[in-house]
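Encoded as structure tokens, the structure appears first; notes follow it.
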Amino acid sequence: SNSITQLTNNYEECVKDSDIILVATPTSSIYEVFENIKDYLSKNVVIIDTSDTKRAVNQWANEILPEIGIIGINPFKKNQSFENIFWGVVNYDNSNKNTYEVASKLIDDLSGQIINIDIMEHDSFSGLVETIPIILSSALMNLSNDSKSWKEIYRFIGNRFNKFTDSLDNDPINSFSSILTNSDMLLEWIRIYITELLKLEKMLEKNSENDIADYIQKNWENKLKIMNNIDPNASQSATDFIPSASEN
């Protein structure tokens, strides 16, 4: 590929004379990046941040790079391609007309579509779909491994357990970063998740066959919609696209 023409581990060489800088590192590394590049940035440079926690980056940019234009983007990928997808664009305190135009041009070059997102909503929703799975996987792994019966449980582990804990395959530094820089949003989602588990607990206590069956059926359908890329924002009814459980 001709996209990368030079590799360097020197911050000055990396950013000097640059008009656009794309920061694509774990969120916890961005503070260090900003500290190390601040003395080498041109006045009109635009920084584009791709982290999954925007509020922390906004705060650090205000502190370290108060005069530099910066904006956040997030590719909403359903596969491995960055082309022809929706992109979330998040304005920071240091964002301006120029930063928005630069980000828009990048997305347009990739045949993408822009969705403007509030910074609080971004971190909340990103936390739910990107980081909560890591937390739940960690909890399942922890309770299994800490069980007195772990040696016996281990023999039962198969594809379903491994799929559920897939997110633990990620670099622990990235996972830690996602949790540490977004803990308040994650705490709210954990509380909601606990409420959902308590609903299930009551169903199981009552051994309510109909309620349990309806709950599983509803979420089987919800998962099927996601697998078939049925966007809930689309105008056509999603039920027109999914088979019944007996048809699948």
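Cβ-Cβ below 7 Å, separation at least six or inter-chain, first residue in region 191-211 and in contact (Cβ under 8 Å) with a residue 12 or more places away in the chain, second surrounded by 10 or more Cβ atoms within 10 Å (Cβ to Cβ) and of a type outside the set (Val, Ile, Thr): which pairs?
Sorted first by the residue in region 191-211, then by its partner, the pairs are 203/211; 203/215.
Determine which single condition residue 17 fails, assuming it passes every other condition in (1) at positive phi; (2) buried (at least 16 other Cβ atoms within 10 Å of the Cβ).
Failing condition for residue 17: (2).
Is it the case, given these coordinates, that residue 66 is surrounded by fewer than 18 Cβ atoms within 10 Å (Cβ to Cβ) and either in contact (Cβ under 8 Å) with a residue 40 or more places away in the chain or under 27 Å from residue 134 (Cβ atoms) (or both)?
Criteria not met by residue 66.
Answer yes or no: is there a residue in region 153-161 that is of a type in the set (A, V, I, L, M), part of a helix (DSSP H, G or I) and outside the structural domain of residue 24 (by TED's automatic domain parsing).
Yes.
With respect to residue 146, is the statement that it is at pLDDT 95 or above, out of contact with any helix residue (DSSP H, G or I) (no Cβ under 6 Å at 6 or more places or on another chain) and not assigned by TED's automatic domain parsing to the domain that holds residue 50 true?
Spelling it out, residue 146 is indeed at pLDDT 95 or above, out of contact with any helix residue (DSSP H, G or I) (no Cβ under 6 Å at 6 or more places or on another chain) and not assigned by TED's automatic domain parsing to the domain that holds residue 50.
Just checking, how many residues over region 165-201 are among the aromatic types (Phe, Trp, Tyr) and at pLDDT 95 or above?
Adding up the residues that qualify gives 2.
Go over the candidates 11, 92 one by one and state the one that is within 29 Å of residue 233 (Cα to Cα) and not hydrophobic (A, V, I, L, M, F, W, C).
92
Would you point out the residue of region 104-123, among those that are in contact with a helix residue (DSSP H, G or I) (Cβ under 8 Å, 6 or more places away or on another chain) and part of a helix (DSSP H, G or I), that is farthest from residue 25 (Cα to Cα)?
Here the residue is 120.
Being over 17 Å from residue 118 (Cβ atoms) and in contact with a strand residue (DSSP E or B) (Cβ under 8 Å, 6 or more places away or on another chain) is the filter here, so list the residues in region 76-105 that pass it.
82, 85, 96, 98, 102, 104, listed by residue number.
Out of region 96-151, which residues are among the aromatic types (Phe, Trp, Tyr) and surrounded by 14 or more Cβ atoms within 10 Å (Cβ to Cβ)?
100, 125
Identify the residue in region 162-171 that is in contact (Cβ under 8 Å) with a residue 12 or more places away in the chain and assigned to a helix (DSSP H, G or I) and, among all such residues, is farthest from residue 25 (Cα to Cα).
Per the criteria, the residue is 164.
Please verify whether residue 182 is under 20 Å from residue 52 (Cβ atoms) and either hydroxyl-bearing (Ser, Thr, Tyr) or touching a residue at least 12 places away in the same chain (Cβ under 8 Å) (or both), treating the condition exactly as stated.
For residue 182, the condition - under 20 Å from residue 52 (Cβ atoms) and either hydroxyl-bearing (Ser, Thr, Tyr) or touching a residue at least 12 places away in the same chain (Cβ under 8 Å) (or both) - is met.
Would you call residue 187 of a type outside the set (Ser, Thr, Tyr) and either under 15 Å from the mean Cα position of the chain (by Cα) or not in a helix (DSSP H, G or I) (or both)?
It is false that residue 187 is of a type outside the set (Ser, Thr, Tyr) and either under 15 Å from the mean Cα position of the chain (by Cα) or not in a helix (DSSP H, G or I) (or both).
Kindly provide the set of residues from region 50-94 that are of a type in the set (Gly, Ala, Ser) and under 23 Å from residue 231 (Cα atoms), ordered by number.
Result: 81, 88.
The values are calculated or read from the model by the stated rules, or taken from the named source; none is laboratory data. The structure presented is a predicted model; accordingly, all values stated were derived computationally and were not measured. Counting neighbours? That spans all protein chains shown, and the Cβs are built from the backbone with ideal geometry, glycine included.
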